[in-house]
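One structure is given below, encoded as structure tokens.
The values are calculated or read from the model by the stated rules, or taken from the named source; none is laboratory data. Just so it is clear, the model here is predicted, and its values are computed rather than measured. We place every Cβ from the backbone using ideal geometry, glycine too, and count neighbours over all the protein chains shown.
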Amino acid sequence: MLRRFSVDFAIFSMLVDGLLVMFGLRLAETIRPALTPLSPAILEITDPVAIPGTFYLAAAVIWVAVCLLFSVYDGRKNFKIGDEMTSLFLAAVMASIAQAGLLYLTYRDLSRALFLVFILFAFLLTFLFRIIYRLIFRSRVLSSVQQRRVLIIGAGPVGRQVAEHVKEYEALGLNLVGFLDDDQAKRATCDDILGDLNDARTAIAREKVDDVVMALPRYAFNRTNALISELHDLPVKVWVVPDYFSLALNRASMEELAGIPMIDLRAPALTDYQRMVKRIFDVAVTFAALPVALPVMLVAAIAIRLESPGPIFFKQKRVGENGRIFEMYKFRSMVENAEQMRHVIEKVDENGKITQDKSLPDPRITRVGAFIRRTSIDELPNLLNILKGEMSWVGPRPEMPHLVEQYEPWQRRRFAVPQGLTGWWQVNGRSDKPMHMHTEEDLYYVQNYSLWLDILILLKTVGTVLRRKGAY
């Protein structure tokens, strides 16, 4: 059956992708003569272009093989549409390079215009296929074959948290059938508890369960082991969620240390693949921005030097990813030795915590400094931090160490990703909100990261800067 996360569906997707790639090549071949009038740079071709049949097959095989390498067909890694489309886009780029290399070595008569149109069609068709099947699954048209039924053992805090995550993906095929728990008080008040742990085998058969999630507390370790042994002969997948995960700063993962499988409670929020994509994106955008940024930075540097004594650049210790301290570069927008005057704009609230309200006038700011702050020019030296890998274009804004010392444990989760020049907090209020008092918005970014979210935030940042909203 074509379950959303089955091997059969992955194979089906490979076959469809291969056919769509060949169909895209055929479309490009058909319309190539019609492209000539669009641009004088395109070689005039009036007769239909003939492409060898072997290249059709090779193009499809290369596309599918590269998609396999980029985990495009791994449904569990692509729950979110943003993750899947990011994987597909990167795979399309690599497949295009591989196909271009094949053409260079074999069939050079294929025009560049036809090849580019083919790549565009292939990407759009495979993209459209994924949109369509997601809509089909969401509409429950295939409800009889798509659902993966989940039973959670343990209705405590860990089990309830697991249930919330499962329910987020109901539209993609995960279906929570209920809980099992030995607590009689819970069973009396909760309708979704199907029975006690002794009913596990019966409940699995009755509810046609596919996945059993063990979410029992630490003191029930022996009961977990016994129950796993009881289920060993049933055709279900068994997952264990130890409540040690509640101690994780962001997420936990299984890793091997010295060949021994262990739980990493400080696992980064981004996978190695996501981190690679984000780094490539950061470097590419930085080099694209430098031709525009460098002249602006030169003018700003001259203005700062002419107005007041002191260095042009301001270096300050900030907290980066995983709590690492680094020096962040900015244009100096204040008088010299402004750090020693920090008490002017900081105060202690009723809980004894230091707060800094950036909406209040700061007497330390110079006239040039006020302008470069309103226009965000003062942050352009952050590009050096981005090139050094200390920051990213998008992420939670790096905070000052003395403020981070006052963080609650949950607030430190904002450091699970690279800190950014701009972020979700900045485009939803910027300095209208004290940064260290609104980490909820940073955590939203951490939990929902994707390349497309980075692009959206950058686009919104441009509008925010142009409106000079909340910049001080």
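General observations
- Considered as a group, the residues in the stretch 23-61 that are at pLDDT 65 or above and hydroxyl-bearing (Ser, Thr, Tyr) include one that is farthest from residue 118 (Cα to Cα), and that residue is 54.
- Pairs with Cβ under 8 Å, 6+ apart, first in the stretch 200-225 and on the phi < 0 side of the Ramachandran plot and free of Cβ contacts under 8 Å to residues at least 24 places away in the same chain, second surrounded by fewer than 21 Cβ atoms within 10 Å (Cβ to Cβ) and among the small types (Gly, Ala, Ser): 202/195
- Being of a type outside the set (A, V, I, L, M), at pLDDT 80 or above and surrounded by fewer than 23 Cβ atoms within 10 Å (Cβ to Cβ) holds for only one residue in 425, 452, and it is 452.
- Of all residues in the stretch 200-218, those satisfying the criterion of being exposed (fewer than 13 other Cβ atoms within 10 Å of the Cβ) and not basic (Lys, Arg) are 202, 205.
- Residues located in the stretch 119-162, provided they are crowded, with 20+ Cβ neighbours inside 10 Å and either of a type in the set (Gly, Ala, Ser) or at pLDDT 90 or above (or both): 119, 122, 123, 126, 150, 151, 152, 153, 154, 155, 159
- Subset of the stretch 314-332 [surrounded by 15 or more Cβ atoms within 10 Å (Cβ to Cβ) and in contact with a strand residue (DSSP E or B) (Cβ under 8 Å, 6 or more places away or on another chain)]: 314, 318, 319, 320, 326, 328, 329, 330, 331, 332
- Residue that is basic (Lys, Arg), crowded, with 16+ Cβ neighbours inside 10 Å, modelled with pLDDT of 85 or more and within 22 Å of residue 327 (Cα to Cα), where the choices are 430, 397: 397
- From the list 289, 200, the one residue that fits, being at pLDDT 75 or above, assigned by TED's automatic domain parsing to the domain that holds residue 369 and out of contact with any Gly (no Cβ under 7 Å at 6 or more places or on another chain), is 289.
- Any hit, the stretch 230-238, residues being touching a Lys or Arg at 6+ places or on another chain (Cβ under 6 Å) and either surrounded by 14 or more Cβ atoms within 10 Å (Cβ to Cβ) or of a type outside the set (Val, Ile, Thr) (or both): no
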